[in-house]
Amino acid sequence: MTDWIWQGVLFVIGFFVLIKGAHWLVEGGSSLAKALGVSDFFIGLTVVAFGTSLPEMFIDITAAVRGNTGLVIGDIIGSNVTNILLILGVAAVIFPLQIRRGVVWKEIPFTFIAALSVLLLGNDKLIEGISYPRLSRIDGLVMLSFFAIYLYYLTGISKSAREPREAGDKKLDMGKSVIRIIIGLLALFLGAKLVVAAAVFIAGKMRISETVIGLTVIALGSSLPELTASIVAALKKHSDLALGNIVGSNIVNIFMVLGICAVIRPLPLRPQDNFAIVIAIMASLLLFSSAFVGKRRVIDRWIGVVFISIYIFYVVMVVRLG
């Protein structure tokens, strides 16, 4: 019983450290980007999205190195499903989210391509007659290539969105930003080790598969930075920030984080993973379709309720499949 309590405490502490680390990192990265003369839109799509994806990155790279591959795909795909269906759903219920035309036709399709690529790359072994689907190291390199294309696209945005900054503030902002980034990275590393170790212990004691833990508990926990940022953005009626954060985070999660993890160690796909991937693809299509249903380019409250309902169905099915 003492071990249960101790691991539970470490689990909670780990997530708290992760969230604080992500906060410091995003705050420092945002200040640094501004000091370097990058527009606020670019910051929302890149710095905030990359920063809030770092809990997934540190948790999953740690899990891949330790050999806990069941956590990796579960956490990443589960986080992407949580980001769209739960977080955007809650944000839309709080305040209807405006979707800019460029986001509908450029960034949202990237989330669909990302989820679809995992399904195709992970199951190509079935076509070749091999009984176990997995993401190989070659598949990881393919996803990282997609990520390079995405970075090239972001570079194009940054070149057209430069903003002048005051030279007097630049040096001070950069100094503070670097310190926050270093502290944030250290906190994320420590938090990731605590969460993965505690999650593996709990899964073993409860005889619950690592995949189910990854798809539900860790996915929800590692999505807390996105949840917090998007709810605050919705309350302040900043639709671009809420939507850009989720869309950017989902793209980074798959193309960068999952790509790195697959290169470190091949990742087997279980039935729960494939189910979650299909839900992630469907969620991206629903997000795209929501721009044309009801009020044009608006995720209304009733659409948010539909998103949340599908998320609840998803969690129930994952637990049953586990």
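Figures for the structure shown
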| item | result |
| --- | --- |
| Residues located in segment 286-305, provided they are among the aliphatic types (A, V, I, L, M) and within 15 Å of Leu86 (Cα to Cα) | Leu286, Leu287, Ile299, Ile303, Val305 |
| Hey, Ser223 under 22 Å from Val93 (Cα atoms) and modelled with pLDDT of 80 or more or not | no |
| Number of positions in segment 125-163 that are at pLDDT below 85, assigned to a helix (DSSP H, G or I) and under 25 Å from Asp273 (Cα atoms) | 3 |
| Test: Asn274 is closer than 25 Å to Val26 by Cβ, of a type in the set (S, T, N, Q), modelled with pLDDT of 80 or more and part of a helix (DSSP H, G or I) | no |
| Residue in segment 50-58 that is within 14 Å of Val247 (Cβ to Cβ), in a helix (DSSP H, G or I), modelled with pLDDT under 85 and hydrophobic (A, V, I, L, M, F, W, C) present | yes |
| Only listed residue being of a type in the set (A, V, I, L, M), part of a helix (DSSP H, G or I) and more than 24 Å from Val278 (Cβ to Cβ), chosen from Val93, Val72 | Val93 |
| Matching residues, segment 280-321, being without any contact (Cβ under 8 Å) to a residue 60 or more places away in the chain and surrounded by fewer than 17 Cβ atoms within 10 Å (Cβ to Cβ) | Ser289, Phe292, Val293, Gly294, Arg296, Trp302, Ser309, Ile312, Phe313, Val316, Met317, Arg320 |
| Of residues in segment 180-212 being modelled with pLDDT of 75 or more, in contact with a Gly (Cβ under 7 Å, 6 or more places away or on another chain) and of a type in the set (Val, Ile, Thr), the one nearest to Pro268 (Cα to Cα) | Val212 |
| Some residue of segment 284-299 being β-branched (Val, Ile, Thr), assigned to a helix (DSSP H, G or I) and out of contact with any Phe, Trp or Tyr (no Cβ under 6 Å at 6 or more places or on another chain) | no |
| Selection count, segment 254-270, where residues are assigned to a helix (DSSP H, G or I) and either more than 12 Å from Ile61 (Cβ to Cβ) or β-branched (Val, Ile, Thr) (or both) | 6 |
| Filter pass, Ala33 being over 19 Å from Ala229 (Cα atoms) and either of a type outside the set (Lys, Arg) or at pLDDT below 85 (or both) | no |
| Any hit, segment 217-237, residues being out of contact with any Gly (no Cβ under 8 Å at 6 or more places or on another chain), without any contact (Cβ under 8 Å) to a residue 40 or more places away in the chain and either basic (Lys, Arg) or under 27 Å from Arg137 (Cβ atoms) (or both) | yes |
| Enumeration of residues in segment 210-264 that are polar (S, T, N, Q), surrounded by fewer than 24 Cβ atoms within 10 Å (Cβ to Cβ) and closer than 13 Å to Leu97 by Cα | Ser239 |
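The values are calculated or read from the model by the stated rules, or taken from the named source; none is laboratory data. Just so you know, these numbers come straight off a predicted model, no measurement behind them. So basically every Cβ, Gly included, is an ideal-geometry build from the backbone, and we count neighbours across all protein chains shown.
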